[in-house]
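Structure, as structure tokens:
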Protein chains: 2
Amino acid sequence: MASQEAVVAAMVTPFKYSNRVVLRTILGRGDGGLGLLGVRVVVGGWVRSAKEVKKEPAVVVQPDVGSSPLPQRDVSCVEILQTRIPFLRSIIRVLGGGDSYPPHREKTDIVLPKLPSTVFLQVSDGSCVASLKVVVESTIASPGQIMPTGTCILAEGVLKLPAVEGKHAIELQAEKILHIGTVDQEKYPLSKKRLPIGSLRDFSHFKPRTTTVASVMRMRDALTHATHNFFQNNGFLYVQVPIITTTDAEGFSETFIVTTLLGKSAEKVEPKYVHEIEGVSLEALKAAIKEKSNLVEELKRSDSNKEALVAALRDLRKTNELAQQLESREELHPGASLNKADEINFSEDFFSRQAYLTVSGRLHLQSYACSLGNVYSFGPRFRAERHESMKHVAEMWMVELEMAFSQLEDAMTCAEDFLKFLCKSVLENCMGEINFFSKRFDKTNVDRLQSIISSSFERISYTQAVDALKQVTDNKFETKVEWGISLTEEHETYLVGEIYKRPVIIYNYPKKIKPFYMRVNDDGKTVAAFDVVVPKAGTLIRGSQNEERMSMLSTRIKELGIRSEEYEWYMDLRRHGTVKNSGFSVAFEHVVLFATGLVDVADVIPFPRSYGKANN
Amino acid sequence: MASQEAVVAAMVTPFKYSNRVVLRTILGRGDGGLGLLGVRVVVGGWVRSAKEVKKEPAVVVQPDVGSSPLPQRDVSCVEILQTRIPFLRSIIRVLGGGDSYPPHREKTDIVLPKLPSTVFLQVSDGSCVASLKVVVESTIASPGQIMPTGTCILAEGVLKLPAVEGKHAIELQAEKILHIGTVDQEKYPLSKKRLPIGSLRDFSHFKPRTTTVASVMRMRDALTHATHNFFQNNGFLYVQVPIITTTDAEGFSETFIVTTLLGKSAEKVEPKYVHEIEGVSLEALKAAIKEKSNLVEELKRSDSNKEALVAALRDLRKTNELAQQLESREELHPGASLNKADEINFSEDFFSRQAYLTVSGRLHLQSYACSLGNVYSFGPRFRAERHESMKHVAEMWMVELEMAFSQLEDAMTCAEDFLKFLCKSVLENCMGEINFFSKRFDKTNVDRLQSIISSSFERISYTQAVDALKQVTDNKFETKVEWGISLTEEHETYLVGEIYKRPVIIYNYPKKIKPFYMRVNDDGKTVAAFDVVVPKAGTLIRGSQNEERMSMLSTRIKELGIRSEEYEWYMDLRRHGTVKNSGFSVAFEHVVLFATGLVDVADVIPFPRSYGKANN
């Protein structure tokens, strides 16, 4: 018996760097933990929900009310009460029952001893979707302390079959409570059940305590590892490109300046909203717009009645108008006090020149590709966009890759393989999470991921895409389709969803709408750029074959009026030992959206940063 | 025969996303590529060095100099020349020989046809330390084009045994040159052989074309993958903490401000040095100090004569003094024009408040640990330190880890395991690189890595460390050892190298020298912080058990006079569901220094950023 226990114990290896067993070790087993019956474990986590079940009360009617306490369990008394004075029980229920604890006591003739109870806690430690039911008798921990949502608990006990059959195979009968981290219920923002995901955005530090965000983070983790595995399997070297840069890779993005000029004696100021209409800030309006857009999308998805949808759309439009008014005011008086910018001498700044947060690492990465061959990077990239959108925040993570000796076709093939690998990876490793998201947000999750793996991506030129869209008669696009425009989300959605019904790679874009470094095609009008567009999430990857011909590169830089001094080092790569090369960048958060079925990037980033928002 | 070739061909799978075979696939084999004899491959890379061997010349003396060209190969003529007019050969040598190509032609009676030659190129593609010898006849490519160092070449040919026995098992006989990316030799900064590593720092975009930096980058890559593998194997989730933050994790570092206030209409300015002495900038002096320090270290290592060392030390001291003078001048007139900082209203900035580049992600990570259990992060961290040092630049990568339900001991064990895993990993996967570094920089490389794996780390309290150092009589420390001081490099080096002769973990530091969030010990004087110190590289890891008690945390924040508003969200973690927790952060670049034996962080970062330096 003892040796059998040892065998079982070996099957639940505790986490090496603390004294607890991670819940996934128990609940993530094929048998749901059933094979571990009778095993003693220490588990820790945070309470998701709690229920208290009172035991039969033990009370006695005393003719003269004294101060001597009663024995807490007096079976014979209970029996008497149950059999002889049944009406008293209902009185006791009223006085001592309910879910609040300790029971509210009133002056009464009946003395109420502490009612023993059993508490059932759903405890989650973030290691898997499932939570463990921990059964705690009130004799070993005060229910009032352990029951609030968010309480941290470390408990030792034995795994047993549930008393009542439910969805879980096993539960833990707690024998010792080793730690309780209490919650101030009045102040804890996650006390309510089923908070809408949007309401969590102001509580980045707590949001992973919800099943949804914890699941997102596990998917993010799995996708990160899959990313590294894909590149390692294919012989790419990981290169960390700089965050602080003096080269703007795109030439047309809003960038953040990195400086020490403002730091020294500057007083720290409290956040304050810049502009308001009737006491409503633009900030608040934008948040409302997001909420309302979500509602609309949800209504669209859930096939609910048309009227509700129409009303929601009307409401959204109104809020949008208000926001526009406010924005136009803002444009009239932009951050007024500091257009002293002209006076600023950046040669006195930390780097002796103006430095930005990087928008893209592709140029830097190319310099490593043109010596190490195949390289990739994975890091944060920044855009100071003031426009709130569900697709962008100020700080996002990108996977970027560059390959020497490779051309447009190669990069497109690699992009397709990469996406397929990611989808396969999460389907293999995250079915718990994917099922959760399917149930809660989007039923089509598994199909969508599967279809990426099984379909071969359609490859069409930009010109073909425009032609195809021009022939569309059953849909009116907000932005008219003309050769030369940037395709918008509506165009891409239509191409992917209606025309080709699978992922599409669009290549050879007009040179005017793509960055300077992409390779000019023989037609002189287009460049060897490509976008990978998938159903639901839109464009996940943007790539290109890059201009390797020095003379063409110089011409492009002149054409665009870019300050060539900034790019001398980049041109060096073409001056000395140039080679055909291609690469792409992946909007990592968009991949997470695609894999989870969520719709707002702010929900899949641990600490999202956007206009007016950086609370921690 | 055909099927055998197919088998061999299958053994050299070309890289999937270009038409070439990566050199590691050939040279990284156990047999050095010998098993691939006769296999046709396409390889690409950059020329490291080249040699031209002239064939026997084919010339004929023509009595009347005409314009009709001679056949390039005329064996009978050669024979005649060789046998009958031997003295003419020496004249031809003088006129047409040498290494420069095309040969310098002078008006002469002797018409020189093009001299056929064989070019031997050492080609490297960055995938391994070794390069491949590519043999190119001048009939298929112009030697003058392909020979300069840095030329990019894509060649198809057959693997064969070397004509002359050398260190390589095989070489490639080129049959077709598919691409040549030429080099402008006058302007190419890497034309010389064996450039000192320090001189590469201004050419971040080219430096990976050297064997040293390419090897560093492969080690960096291997260490990155090992990092992810370690945490994945142990069930940690990867969490990307924010780069832009409004919370200063340390409270005492120089931070970079992230802003859009300076961007709008600011003119971009050229880099300019702020202060100079006799035309020498502080910038240049600091670079010189680095160089000279390197020299001193090298001299110390190489057991060269004492006099050279003394002279080098004297020189270093002088340069240091000059730099100090210049710095004190600078302190008198700090970045003068913009202490308008007081006027700046950060509520008008992008985030409606002052935002920084993160110094450490540990606080943010703790919030995820206190919901997901065991988490880690790996990303760039920033310090605006003006002091140049071989140990720090402005942008460095950190591995950070936080664990809920864990204590000081757990974090120390995890840190030790992590380091051992990394060392094991590079010894398993990077012996080519390690051997290269051993030969070029530090003979003790393998032993140093091995000793980390085999030794159990000594764990001593700060107080023990101070006591041990106080008893040292054979060494005079520059900084006197007293309880309460921050141990300096000299102290740590002595502890690790002289007293304990193995890696040391020092724990329980005085609370005054550690950040506010570390757990106060019962003595009230120390906190549960620890540093992991290793031979040669010094402190690689700093960690702590964190203060989980809300009241103690408040007290610490008050004691230190930190603006508590900024930390409200962090305190929330202790208010609601608190738990014992610990973690650490690893200076990733210092680990790379340790593994490679190099001494300056700027050499192990792709694009280093430091005071006055961000060139791309």
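Every number in this text was worked out from the coordinates using simple rules, so none of it is lab data. What you see is a predicted model, and the numbers here were worked out from it, not measured in a lab. Cβ atoms come from the backbone with ideal geometry, glycine included; neighbour counts cover every protein chain shown.
Is there a simple number for the mean count of other chain Cβ atoms within 10 Å of the Cβ of residues in A:218-226, and what is it?
4
Between copies, how far does the label point of A:N19 sit from its twins, in nm, shortest first, when each point is 7 Å from Cα along Cα→Cβ?
Spacings between copies for this position, smallest first, are 6.6 nm.
For B:G144, go 7 angstrom from Cα along the Cα-to-Cβ vector, then report the distances to that same point in the other copies in nm, smallest first.
9.6
Other chains' Cβ within 10 Å of B:388-400 residues: what's the mean?
1
To the nearest µm²/s, what D does Stokes-Einstein give for the stretch B:108-186 at 37 °C and 0.692 mPa s, using the Kirkwood radius over alpha carbon pairs as Rh?
Once the numbers are plugged in, D ends up at 238 µm²/s.
Would you mind checking the stretch B:417-449 for residues with the amide N under 16 Å from a putative spin-label position 7 Å along Cα→C-beta of B:N233?
B:417-430
For the stretch B:531-586 and the stretch A:486-542, compute the distance between their C-alpha centroids and round to whole Å.
47 Å
Tell me the net charge near B:K176. Cut-off is 13 Å between Cβ atoms, B:K176 excluded, with +1 for each Lys or Arg and -1 for each Asp or Glu.
-1
May I ask you to sort B:T247, A:T596 by Cβ crowding, counting other Cβ atoms within 10 Å and putting the fewest first?
The fewest-first ordering by Cβ neighbours comes to B:T247, A:T596.
Hey, how many Å between the Cα centroid of the stretch B:190-215 and the Cα centroid of the stretch B:396-448?
25 Å
Amide H to amide H, which residues 5 or more places from A:T539 or on other chains are under 5 Å from it, using H placed in the peptide plane?
Amide H neighbours of A:T539: A:V534.
Could you please rank B:R609, A:R20, A:R575, placing first whichever residue has the fewest other Cβ atoms within 10 Å of its Cβ?
Numbers: B:R609 27, A:R20 24, A:R575 17.
Ascending number of Cβ neighbours within 10 Å: A:R575, A:R20, B:R609.
First select every other residue whose beta carbon is under 9 angstrom from the beta carbon of B:L159; then total the charges, Lys and Arg +1, Asp and Glu -1.
Residues close to B:L159 contribute a combined charge of +1.
Compare the peptides A:552-560, A:397-405, B:150-158 by average per-residue count of other Cβ atoms within 10 angstrom and give them in order, highest first.
The packing order, highest mean first, is A:397-405, B:150-158, A:552-560.
Please arrange A:M518, A:M431 by how many other C-beta atoms lie within 10 Å of their C-beta, fewest to most.
Placing the least packed residue first, the sequence is A:M431, A:M518.
Where in the stretch B:174-212 does the label zone of B:E137 land, with the point 7 angstrom along Cα→C-beta and an amide N cut-off under 19 Å?
The answer is B:174-179.
Between A:F351 and residues 5 or more places away or on another chain, which pairs have amide H atoms under 5 Å apart, with H built 1.01 Å from N, and which residues are they?
Result for A:F351 returns B:G612.
Around A:T413, what is the net charge, scoring Lys/Arg as +1 and Asp/Glu as -1 over all other residues with Cβ under 12 Å from its Cβ?
Charge balance near A:T413 sits at -1.
Which Rg and Dmax, in Å, describe the Cα atoms of the stretch A:437-479?
15.5, 40
Put the label 7 Å from Cα along Cα→Cβ for A:K536; what are its distances to the other copies, in nanometres, shortest first?
Taking the point 7 Å beyond Cα along Cα→Cβ, the inter-copy spacings are 5.0 nm.
Give the average, rounded to an integer, of partner chain Cβ atoms located within 10 angstrom of each Cβ in B:20-31.
Average neighbour count from other chains, rounded to a whole number: 1.
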